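The values are calculated or read from the model by the stated rules, or taken from the named source; none is laboratory data. Every value quoted in this text rests on a predicted model; they were computed, and no experiment measured them. We place every Cβ from the backbone using ideal geometry, glycine too, and count neighbours over all the protein chains shown. Heavy atoms of the whole protein, side chains included, go into the accessibility calculation; ligands, DNA and RNA do not. Shrake-Rupley method; radii C 1.70, N 1.55, O 1.52, S 1.80 Å.
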Amino acid sequence: MYYKALVKNSAAKQDVNIVEFEMPTLKDNECLVKVKAVGICGSDLHMYDGHSGYDWVTYPLVLGHEVTGEVMAVGNKNANKYINKRVVIDPYRSCGKCDFCLRGETNRCDFNEYKVVKTPTEALRYGFREAGGMAQVMVADVNNIIPIDDNVSDGVAAISEALAVSYTAVKKVEHYNNKKILIVGPGPIGLGVAAVLIGSGNGQVDMLGTMVDESRLELAKTIGIRDTYMSETDILTENFDGYEAVIDCSGHPSVPQMAIRLLKRGGQLVLVGINSAAFSIPMDQIVRGEISIDGSYGITRKNYEEVLKLAANPNYPFEALVAEKVPFEQYSSGFEKALNKVSGKVVLTI
């Protein structure tokens, strides 16, 4: 028997095609997942379109790390309880032994290798260094599957890993449910941050985008964002009294300096959007304002499991973030829609 998978053959722009593979023989620690839906992530778009900065990826590669499906088979009968279960895939395969892993910080695991230059962690595997889930079936370590509630739709399950990225960033802010917060960047991660904050009951959340983000900002308003803006000038009105936290999901190097101006004393800047560009901020403003700056990268298993529980709660407007569902065979259309910045996430259905 054979199955089809979407393979990125090389780092070259749009060097992708559907390839047939033989059904695998499972190892003792593995399971076979019949894939139902896969979210298209920003990193998938960058790889698809041949952007630089992905020289650490193993090509040829089956794309996709935002995966949901149903367990078809297991390599060890002790895992039979998972057969026919709806699951998502945790893309991190950490060592389980280093200090980070022992603290549950699996997104920081480099297999005990210290890195002066902070590249993507070695633990990030499926869809990057090992075959992902843009395929009819996917082989995964049984320890990397997470059963999901029947109240979580396939669409939301397919974007849940991205939602966990948003949730991980939100959790950097203590008492995030009642602080005045600005989200910068209404892309999928920014909208996920918004949905988490809105679901938590926070009614003091604003969002900043640009002129090209009009439809995304409209979606943000629909799910409960208080006010949306297209420039810092629009925010700095006479009655403005500052934010307690700014969560940047844009990655634009101008944001940190702007955030310092918009934050109250004792405020917090959380950087989620990623960019290799350098930025500068006035040191005196950090010190005198007692501003803290935190980076937020990837997910932990605990945060993923927590966000899946939130996904079963109707107070969290995650379903609204599924912009379009595109059949697997029309993957190029799905990638182009995502590249053209639809409002929310594009999901490939298998």
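For the reader, a short list of remarks on this structure follows.
- Being of a type in the set (Val, Ile, Thr) and not in a helix (DSSP H, G or I) is true of VAL347.
- The residue pairs whose first member lies in region 43-56 and is surrounded by fewer than 14 Cβ atoms within 10 Å (Cβ to Cβ), whose second member is of a type in the set (Val, Ile, Thr), and whose beta carbons are closer than 6 Å, counting only pairs six or more residues apart or on different chains, are TRP56/THR119.
- Taken as a whole, region 119-131 holds no residue that is part of a helix (DSSP H, G or I) and within 25 Å of ASP44 (Cβ to Cβ).
- Just one of the listed residues (LYS97, LYS115) is assigned to a loop (DSSP other than H, G, I, E, B), open to solvent by 70 Å² or more (accessible area, probe 1.4 Å) and basic (Lys, Arg), and it is LYS97.
- Considering region 181-199, and only residues there that are among the hydrophobic types (A, V, I, L, M, F, W, C) and closer than 10 Å to VAL272 by Cβ, the residue that is surrounded by the fewest Cβ atoms within 10 Å (Cβ to Cβ) turns out to be ILE189.
- Taking the numbered list (1) surrounded by 16 or more Cβ atoms within 10 Å (Cβ to Cβ); (2) within 22 Å of LYS309 (Cα to Cα) in turn, LYS85 passes all entries but (1).
- Exclusive hit being of a type in the set (Ser, Thr, Tyr), without any contact (Cβ under 8 Å) to a residue 24 or more places away in the chain and surrounded by fewer than 17 Cβ atoms within 10 Å (Cβ to Cβ), set SER333, SER292: SER333
- Scanning region 255-270 turns up no residue that is at pLDDT below 95, among the hydrophobic types (A, V, I, L, M, F, W, C), more than 30 Å from ASN144 (Cα to Cα) and open to solvent by less than 60 Å² (accessible area, probe 1.4 Å).
- Here GLY39 fulfils each of the conditions (1) within 19 Å of ILE299 (Cα to Cα); (2) over 24 Å from the mean Cα position of the chain (by Cα) apart from (2).
- Among the residues making up region 20-45, those that are outside any strand (DSSP E or B), over 19 Å from ALA323 (Cα atoms) and not basic (Lys, Arg) are MET23, PRO24, THR25, LEU26, ASP28, ASN29.
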